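Where a number appears in this text, it was derived from the coordinates with a stated rule and is not lab data. Model, not experiment: these values are computed from the prediction. Backbone-built Cβ (ideal geometry, glycine too); neighbour counts: all protein chains shown.
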Amino acid sequence: MELDITGAKVFYTIPIDFPVLGRIQISETIVISWLVMLIITGLCIWMTRDLKVKDISRRQAAAEMIVELANNFVTGNMGEKFRSFIPFVAALFATSLFSNLISLTGLRSPTADLSTEAAWATVVFIMITAQKIKANGVGGYFLSFTTPIKVLTPFNILSELATPISMACRHFGNIISGIVINGLVYGALAAATAALLKWIPGVLGDVLSQIPFLDVGIPAVLSVYFDWFTGFMQAFIFCMLTVMYIANAAEAE
C-alpha cells in the first residue's frame, strides 16, 4: 500500500497507455466517495419504490418531505426560474452530509481531503461563470473585471478566483479541525487514564493504565457537535453559498 502526496492511502495503481498521464492512483478518498454515492443511490431507490397516490407508506412520506424541502430551499432562495437546479443542490447536500457523517463509522471522511471540496467548488464556479455569461454575454463578462476602473482588473480577477477557493477551504477547514480536535481529545484521555491508574501498585496498575477507560463515553459528547452538528451545518452552508452565488450571478449586470 502506497501513499500519495496528500497523505491519503492508495489501494490500487492502475496503469494507462498515455505516457503524459502516467498511472492512475485510486486513493482512500476516492474509494469512500464511491461508497457514499452507492449509499445515497441505494437509499433513493429504496425510498422511491412502490410509490402510491393514496395510503402512502412512511417511507414515501419521508421521500416526499425531502423533495419538498429541496424544492422550497432552492425556489425560496433563488426563485422559480431556477427550479432546474433542485436536483444538483439536493445531490450536493446529500453527498456533503453523508461524506461528513461517514466518519462516525470509523472510516475517513472524504471531506477531510481538500481535493473533494476543491472538486465541488470547481463545479460550482463553472456554473456561476456560466450564469454570468448567460446574463451579460461573453464580452460583458470580461468587461465586468474592469469596473469600476480598469486599474482594479487584477484585483477583480483575484476576487473571482477567491470564490471557489474560499468555499472549498471553509468546508475543509471545519471538517479537518473537528477530526484533529477529536484525535487530540482521544490522546489526552488515554494519557489521563494512564496517569490516574499507574498509581495502582503491581501488575494490575501496569495493565489497567494501558486501557483507555476515559475514552469510553466522553468523546461521544463531542461527537454530537463535531460530527453531527458540524457535518450538517457545513453541508447546509456550502449549498446556501452555492444557490446565492448562482442566483446573484444570473442577476449581475
Report task. Express in whole angstrom the spacing between the alpha-carbon centres of the stretch 144-180 and the stretch 47-106. Result -> 29 Å
Report summary line: Rounded to whole angstroms and listed largest first, the alpha-carbon spread of the stretch 130-185 along its three principal axes comes to 53, 26, 10
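Asn156 to Met240: FRET efficiency via 1/(1 + (r/R0)^6), r the Cβ-Cβ distance, R0 30 Å, to the nearest 0.05? Provide the component values of the computation, followed by the final result.
Numbers: r = 24 Å, r/R0 = 0.80.
The computed FRET efficiency comes out at 0.80.
Using Stokes-Einstein with the Kirkwood hydrodynamic radius over Cα pairs, what translational diffusion coefficient do you get for the stretch 87-145 at 20 °C and a viscosity of 1.002 mPa s, in µm²/s rounded to a whole number? Show your work: numbers first, answer last.
Values: Rh = 13.4 Å.
The estimated diffusion coefficient comes to 160 µm²/s.
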**Report entry** Reduced Cα scattering model of the stretch 58-212, Debye log10 I(q)/I(0), q = 0.16, 0.21 Å⁻¹
**Finding:** -1.05, -1.28
